[in-house]
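Just so you know, all these numbers are worked out from the coordinates, no wet-lab data involved. Bear in mind that the values here come from a model prediction, so they are computed numbers and not experimental data. Cβ placement follows ideal geometry from the backbone for every residue including glycine, while neighbour counts extend to all protein chains displayed.
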Amino acid sequence: MKKIELTDKQKLWLKIGLTTLYFVVVFILVLSSMEKRTDSLGNEIIHFNQIAFSIFGRGIYFYAIAIITGIGIAYFYGAHIARKIGFSEDNLFDGFIMGTIIGILGARIYYAIFSWKEGGFDKDPLRVITGFFNEEGGLAIHGAVIAAAIFAYFFCKKRKEDIFKLGEMLFPGFFIGQIFGRWGNFFNKEAHGGPIRDTVLASREFLEKLPIPRFVVDQMYINGTYMHPTFLYESVWNLIGLILVITIRKKTKKYWYGDAVLFYMVWYGIGRFFVESLRTDALLFNFLGMELRIAQVVSILMIVAGITLFILRRIFKVKPVSFIELVEENRGVEA
């Protein structure tokens, strides 16, 4: 049987077609999950179900679709950058598969550690793993970032790849993953903030004044009142961060390749610190009699570490090559 060879243009159109088809199917699933309800004020509101569809009686959640979508787009974006900066696409694919699994495990383990007693993990430690198969929630993005970063270091060392190059793909990928992934929280009605005002009416009026879609306002009607859509705040913050890092590295040679790691640490740390103060499901730990929000503590550490490493990198001139120069250099190699 003759092997079909596609041109680069045909491959591009095939990718565009399949991507469009995927999002059309997801859009149809979202529309089919909608149902009308009424809030305590008598307003007709739109509610979205958590489950997109079922296979053999097992529900497939929109949360999973949102996570998979973010991971998939992050990979294709990373592959695009890999070609520009001279990173092996085969190594990227291998690292992506292993890193995704390790990142998810890291997110789960991190969550379990900091909710050990509250989550009942002390009585059944195996739930750290079995929870994945019992449709049990409990993931923390900081755990995924830490686990993926550690894995990236050893992976690059083993494959003899430049970890600074990998960072230039990996951390914008975290932005992308979280931009889409947070919408899984929207469908689950989780990771939201507390009541916005003392009354239901005042809370809804506050949300209606914000430049956000009505369906988001409606979905934030939880437990008889309207909550802060912190998932949306974080998703938008990450989108702005992604746009900034992509724009800056194309515009100035003062941006060195690998700076995406430090930018992510500072930018996400700032956003998460403030968003966490609004959330009602924060992981807590007791320190000298004070209850601290773990995500805020980790966010502060990320900000401080990101700024410190940025300054030290400039002082000691660690790989002082701009992203622009790296792309130009690789273009010359390809030619």
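Quick notes on this one:
- In terms of packing, defined here as the mean over residues of other Cβ atoms within 10 angstrom, the peptides 33-43, 271-281, 228-238 line up highest first as 228-238, 271-281, 33-43.
- Calculated FRET efficiency for the pair Arg214/Met98, C-beta based, R₀ 30 Å, to 0.05: 0.10
- Taking label points 7 Å from Cα along the Cα-to-Cβ direction, Asn223 and Lys251 give a separation of 4.3 nm.
- Taking Cα centre as origin and charging only the Cβ of basic (Lys, Arg, +1) and acidic (Asp, Glu, -1) residues, the dipole magnitude of the stretch 179-335 rounds to 560 debye.
- Percent breakdown of C-alpha pair distances by 20 Å bin, ordered from the shortest bin, for the chain: 26, 56, 17, 0
- Taking only the C-alpha atoms of the stretch 8-49, the Rg (one decimal) and the largest Cα-Cα distance, Dmax (whole number), read 17.5, 56 Å.
- Within the stretch 89-171, GluC sites (Glu not before Pro) in DSSP loop having at most 15 other beta-carbon neighbours inside 10 Å: Glu118, Glu135, Glu136
- You can think of it this way: the chain between Lys15 and Ser322 has 107.5 nm of extra reach, that is 0.36 nm per residue less the Cα-Cα gap.
- Binning the C-alpha pair distances of the stretch 189-335 at 5 Å intervals from 0 yields a P(r) profile of 2, 9, 14, 15, 14, 12, 10, 9, 7, 5, 3, 1, 0, 0 %, listed from the shortest bin outward.
- The chymotrypsin sites (Phe, Trp or Tyr not before Pro) found in the stretch 38-70 that occupy coil by DSSP, while having at most 13 further C-beta atoms within 10 Å, are Phe56.
- Computed over the Cα atoms of the stretch 220-291, the ratio of the radius of gyration to the Kirkwood radius (Rg/Rh) comes to 1.14.
- In the chain, taking the dipole from charged Cβ atoms about the Cα centre, the farthest positive-side position among Phe93, Phe56, Ala74 is held by Phe93.
- Summary of the geometry: the stretch 167-193 and the stretch 218-241, compared by the centres of their Cα atoms, lie 12 Å apart.
- Comparing Gly103, Gly143, Gly289 in a Gaussian network model of the chain where C-alpha atoms under 10 Å apart are linked, the largest mean-square fluctuation is found at Gly289.
- Calculated from the alpha-carbon coordinates, the stretch 185-252 shows an Rg and a Dmax of 14.9, 50 Å respectively.
- Local electrostatic count, Asn286, Cβ distance below 14 Å [Lys/Arg +1, Asp/Glu -1]: 0
- Extension gain (nm, one decimal) between His47 and Asp162, 0.36 nm per residue minus Cα-Cα: 36.7 nm
- Sparse packing (at most 15 other Cβ atoms within 10 Å of the Cβ) combined with a DSSP loop state is found for the following chymotrypsin sites (Phe, Trp or Tyr not before Pro) in the stretch 109-169: Trp116, Phe132, Phe133.
- Top of Ile311, Ile141, Ile16 by mean-square fluctuation, Gaussian network on the chain, Cα under 10 Å: Ile16
- Around Ile300: net Lys/Arg minus Asp/Glu count, Cβ-Cβ under 14 Å: +1
- Over all directions, the projected convex hull of the C-alpha atoms in the stretch 1-158 averages 15.7 nm² in area.
- Of all complete DSSP H helices in the chain, those with a Cα span along the helix axis of 20 Å or greater and a mean Kyte-Doolittle hydropathy of -0.5 or more are 8-32, 62-85, 89-113, 141-159, 163-188, 230-251, 259-276, 294-316.
- Overall, the stretch 158-200 carries a charge dipole of about 180 debye about its Cα centre when +1 sits on the Cβ of Lys and Arg and -1 on the Cβ of Asp and Glu, all other atoms neutral.
- Note on the chain: GNM, Cα springs under 10 Å; of Gly17, Gly269, Gly258, the largest mean-square fluctuation is that of Gly17.
- Placing +1 on each Lys and Arg Cβ and -1 on each Asp and Glu Cβ, with no other charges, gives the chain a dipole about its Cα centre of roughly 1060 debye.
- Charge-dipole axis of the stretch 218-335 as Lys and Arg at +1 and Asp and Glu at -1 on Cβ define it, positive-most pick from Tyr255, Tyr233, Ser299: Tyr255
- Length released on extending from His80 to Arg58, taking residue separation times 0.36 nm less the Cα-Cα span: 4.4 nm
- The chain: relative contact order in percent, alpha carbon pairs under 8 Å with at least 6 residues between: 17 percent
- The residues neighbouring Phe93, those whose beta-carbon lies less than 14 Å from its own, together hold a net charge of -2 under the Lys/Arg +1, Asp/Glu -1 convention.
- Normalised contact order of the stretch 19-178, rounded percent, pairs of Cα under 8 Å and 6 or more residues apart: 23 percent
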